[in-house]
């Protein structure tokens with residue numbers, strides 16, 4: 001088998017099926033990454049969403065017998081909406097980060113990898129392939145960096161010369177011995193704009209992030225957002241783009257190559273108040289195709305409450321009172337209590353005192369007290 005020829009055929013085919021960049025890396029262990037992950041674990045900087053077994057994250061041989069090569073792919077996504085949402089005075093909106101615009105990217109990349117696997121097996125029937133996207137054991141970024149897709153920026157994102165960091169990443173382990181591509185030289189230099197732009201100081205230093213402080217992580221948690229971060233979240237409903245929009249490599253980068261990635265404005269920049277009343281069924285019907293819906297409606301609703309507090313939206317007081325008095329979720333009742341304190345007003349004060357007299361959950365009672373203190 002002429003693997004150099006096959007590699008070229010795969011590269012050409014990848015362009016036909018809508019893969020914007022492809023690279024080949026060896027399946028040897030990721031020793032440097034292992035050391036970094038162990039250090040992150042020691043410092044308590046992990047998010048908890050990642051694969052907990054560091055050996056599996058850094059040794060492809062544990063994931064597929066006979067692993068020789070990892071094929072890395074990247075698809076560019078838009079940084080600006082083609083259609084603008086029509087904003088009206090008094091109608092406050094939240095925002096989903098760019099990586100959650102359009103159809104859930106996991107589905108898009110899995111479809112591309114599936115076609116790539118089929119193409120390979122047609123030519124090499126004995127080929128073994130293991131595709132994965134984001135939720136797999138390997139680090140997408142570490143694979144992409146080794147495969148020459150881009151360099152690992154100080155914001156911990158892969159930055160490509162062609163598309164900046166606005167790319168989705170996926171990979172496929174194979175037992176085929178392709179010649180690996182060369183990693184790309186780091187081009188961040190002395191630039192620290194992403195570190196300076198991070199609202200919470202989550203970027204500890206170039207290439208190191210404390211996920212526990214990252215707004216993107218915080219918007220996906222299901223518990224109460226720690227007090228110090230609530231004002232920093234602003235109107236973000238899911239994710240955060242601050243470190244990307246600050247990056248000079250992303251200036252002017254806006255690609256609309258894939259129709260399924262196009263944002264529906266009313267979906268990714270929705271009105272805040274209607275979110276508070278959505279049932280699970282309504283939430284899935286309205287937002288279920290977004291990557292940002294993976295944690296369910298509760299985090300989105302909690303973030304919507306925080307956003308209403310950020311705007312000090314007095315028109316939302318009745319809606320927040322309704323959540324405070326009737327929502328079964330303590331996190332939502334408590335966050336609504338805090339938000340009422342931020343917005344202020346006599347009605348908010350009366351309703352907080354009323355809720356205090358009948359609330360039985362200790363955490364919600366603490367949030368009611370916070371709200372009342374804000375009103376003093």
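Does the stretch 133-148 hold any residues that are touching a helix residue (DSSP H, G or I) at 6+ places or on another chain (Cβ under 8 Å) and within 11 Å of residue 73 (Cα to Cα), and which are they?
Here is the first cut: in the stretch 133-148, the ones touching a helix residue (DSSP H, G or I) at 6+ places or on another chain (Cβ under 8 Å) are 133-135, 137-139, 142.
Of everything in the stretch 133-148, just one residue is touching a helix residue (DSSP H, G or I) at 6+ places or on another chain (Cβ under 8 Å) and within 11 Å of residue 73 (Cα to Cα), namely 133.
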Worksheet item: Quick one: which of 88, 80 is assigned to a loop (DSSP other than H, G, I, E, B), surrounded by fewer than 17 Cβ atoms within 10 Å (Cβ to Cβ) and modelled with pLDDT of 95 or more?
Response: 80
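Looking at the stretch 27-45, which of its residues are within 25 Å of residue 173 (Cα to Cα) and either free of Cβ contacts under 8 Å to residues at least 12 places away in the same chain or surrounded by 14 or more Cβ atoms within 10 Å (Cβ to Cβ) (or both)?
Across the stretch 27-45, the qualifying residues are 27, 28, 29, 30, 32, 33, 34, 35, 36, 37.
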Fill in: Residue ID - surrounded by the fewest Cβ atoms within 10 Å (Cβ to Cβ), chosen from residues in the stretch 46-77 that are assigned to a loop (DSSP other than H, G, I, E, B), out of contact with any strand residue (DSSP E or B) (no Cβ under 8 Å at 6 or more places or on another chain) and modelled with pLDDT of 90 or more
65
Worksheet item: In the stretch 242-260, which residues are surrounded by fewer than 20 Cβ atoms within 10 Å (Cβ to Cβ) and farther than 26 Å from residue 111 by Cα?
Response: 245, 246, 248, 251, 252
Worksheet, complete the sentence: Among residues of the stretch 1-36 being part of a loop (DSSP other than H, G, I, E, B) and more than 30 Å from the chain's Cα centre (by Cα), the residue nearest to residue 148 (Cα to Cα) is 2
Discussion item. Take residue 315 and tell me if it is under 24 Å from residue 287 (Cα atoms), touching a residue at least 12 places away in the same chain (Cβ under 8 Å) and either under 28 Å from the mean Cα position of the chain (by Cα) or not in a loop (DSSP other than H, G, I, E, B) (or both).
Written reply: no
Practice prompt. Working only within the stretch 295-321, note down all residues that are surrounded by fewer than 18 Cβ atoms within 10 Å (Cβ to Cβ) and over 15 Å from residue 341 (Cα atoms).
Written response: 295, 296, 298
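The values are calculated or read from the model by the stated rules, or taken from the named source; none is laboratory data. This is a predicted model, so every value here is computed, not measured. Note that each Cβ is placed from the backbone with ideal geometry, even for glycine, and that neighbours are counted across all protein chains shown.
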